[in-house]
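Below is one structure, written out as structure tokens, with a few remarks after it.
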Amino acid sequence: PRVCVVGSGPAGFYTAQHILKHHGGALVDIYEKLPVPFGLVRFGVAPDHPEVKNVINTFTQTAHSERCTYYGNVTVGRDVTVPELQQAYHAVVLSYGAEDNRVLGIPGENLPGVYPARAFVGWYNGLPENRDLKPDLSCETALILGHGNVALDIARILLSPLQLLRKTDITDSSLAALACSKVKRVWLVGRRGPLQVAFTIKELREMINLPGARPVLDPADFTGLESAVKDAARPRKRLTELMMKTALEKPVEMQAAAAGAAAPREWGLKFQRSPQEVLPSADGRRVRGIRMALTCLEGSGDAAKAIPTGDVEELECGLVLSSIGYRSLPLDPAVPFDSQRGVIPNSSGRVEGVPGLYCSGWVKRGPTGVIITTMNDSFDTAQSVLEDLQEGVLDISPSREGFGLVENILRSRGVRPVFFSDWEKIDAAEVARGKAAGKPREKIVDPVEMLQIIGH
């Protein structure tokens, strides 16, 4: 059987890995629109979390299997359509993730100084489409909308001492911009309360221990939570207790302050505030603050809903980053898509009403969870493919040409795919440039330059 996987992030690679491991004869081709593989492992994981990127070693092993081939620089839906892939393969798995961001839907969100978290993360991580972002970091106060791990990542990158970032694979240009940054205060704002935050304890602890930045949490936000947290699941309980402990600790009044040194950087969590409007500066040319509706919670736990109380408050800031989630986009008119939920309708990864078409990862279940969640989810989809092969649901009697057919289509459209060995040349160039600067790698952010390195 010939199987093709669209997308080379964790969902794509884990799906391929599982099929290859549990079917001794399957051939798997992975298509990726960028010349470089690994999706959000390369472009989403924070530069100062190198250990999370170790899964790249596993993915590289999969790509080196003689039954697996990687084709980068191929945009499915444009260079080759999904029906064309279905002609070439017995099964097609869509694992292309979420390449858009949810919008706030409030006045002023398009003002200069307001950025989606996805674009900001893409900028410091070298995602080609965000390389020219040039965020304005000339203000003192930044405000991040959202209480998830991505929001904490951004806050940490904004407030980290430069000597910590210099040793990471953060891009050269974003490091230069952060070196000139005036930001010294970051607020993370959420619509709900401390019991509903979506970040994890590891990320919170890292933020609390960030050198040169002090946490500002209001003890009043945590009154009465001791009893509520008693019955919570252990991770939620530990997370809430850490926030409470941090809120109640009197900050060690910096000896530096006595010596008249500059005040340290700071960050804080604000709860039960929902953004109503981004406020423009007097000349209307940039953001000067944000108006928040104060909310009260109806219900409890994860199901609690934030209801506006009628009261509002304004917060001053010169930079707004909206970290309220990613969104998948439809890829091809031939593929059913639930635009309300931003997913491909499926059951256990089998796309509804289209036999032989599957999906895994964020486009299957929505943009939530960490790499391990995606791994389990992809194994689940791969299992569906294997069952359908075993039970004869997928007819493999007609032989399919796989890439042979696709290659002709791509050639007729002037598209030249990039192979995994090409990526390894780009990788070597990045590592060499990084070594010269004392970093693990210096990412190449321009696809044209990537293609030049491999002589395309």
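The values are calculated or read from the model by the stated rules, or taken from the named source; none is laboratory data. Just so it is clear, the model here is predicted, and its values are computed rather than measured. Heads up, the Cβs are rebuilt from the backbone with ideal geometry, glycines too, and the neighbour counts pull from every protein chain shown. Note: areas computed on protein heavy atoms with side chains; ligands, DNA, RNA excluded. Shrake-Rupley method; radii C 1.70, N 1.55, O 1.52, S 1.80 Å.
Side notes on the structure shown:
- For q = 0.19, 0.28 Å⁻¹, Debye-computed log10 I/I(0) when each Cα of the stretch 114-183 counts as one equal scatterer: -0.74, -1.64
- Between the Cα long axis of helix 55-64 and the first principal axis of the chain there is an angle of about 10°, rounded to the nearest 10.
- With K and R counted +1 and D and E -1, the other residues having a Cβ less than 11 Å from that of Leu297 yield a net charge of +2.
- Average projected area [Cα convex hull, the chain], square nanometres: 24.5 nm²
- Within straight-line cross-link reach of Lys435, lysines at Cα separation under 23 Å, skipping those fewer than 8 residues along the same chain: Lys53, Lys167, Lys425, Lys443
- Judged by the ratio a/c of the largest to the smallest principal axis of the C-alpha gyration tensor, the stretch 363-408 counts as oblate, that ratio being 1.5 or greater while a/b is no larger than b/c.
- Relative packing of peptides 396-402, 364-370 - highest average C-beta neighbours within 10 Å first: 364-370, 396-402
- Calculated SAXS-style log₁₀ I(q)/I(0) at q = 0.09, 0.12, 0.15 Å⁻¹ - the stretch 78-237, Debye, Cα scatterers: -0.43, -0.69, -0.95
- Added length on full extension, which subtracts the Cα-Cα distance from 0.36 nm per residue, Arg234 to Glu140: 30.2 nm
- Ordering of 225-231, 290-296, 68-74, 236-242 by packing is 68-74, 290-296, 236-242, 225-231, highest average first (other Cβ atoms within 10 Å, averaged per residue).
- Tilt relative to the chain, helix 420-437 - C-alpha long axis, 0 to 90 degrees, to 10: 30 degrees
- In a fully extended conformation the segment linking Asp132 and Glu241 would gain 35.2 nm over its present Cα-Cα distance, using 0.36 nm per residue.
- Surface analysis of the chain yields an accessible area of 45 Å² per residue, using protein heavy atoms and a 1.4 Å probe.
- The alpha carbon gyration tensor of the stretch 1-98 gives principal lengths a ≥ b ≥ c with a/c of 1.5 or higher and a/b no greater than b/c, which makes the shape oblate.
- Within the shell defined by Cβ-Cβ distances under 13 Å, the residues around Gly268 carry a net charge of +3, with Lys and Arg each +1 and Asp and Glu each -1.
- Convex hull volume of the Cα atoms of the stretch 334-399, normalised per residue: 90 Å³.
- Relative contact order %, the chain, counting alpha carbon pairs below 8 Å whose residues are six or more apart: 24 percent
- His22-Glu407 FRET efficiency (beta carbon distance; Förster radius 35 Å; 0.05 resolution): 0.80
- Rounded if a/c under 1.5, otherwise prolate or oblate - the stretch 356-456, Cα gyration tensor axes: oblate
- Options Ser181, Asn130, Val150, ranked by Cα towards positive dipole end of the stretch 127-224, top entry (Cβ charges): Ser181
- For the chain, the longest principal axis of the C-alpha atoms and the axis of helix 234-248 are separated by about 30°.
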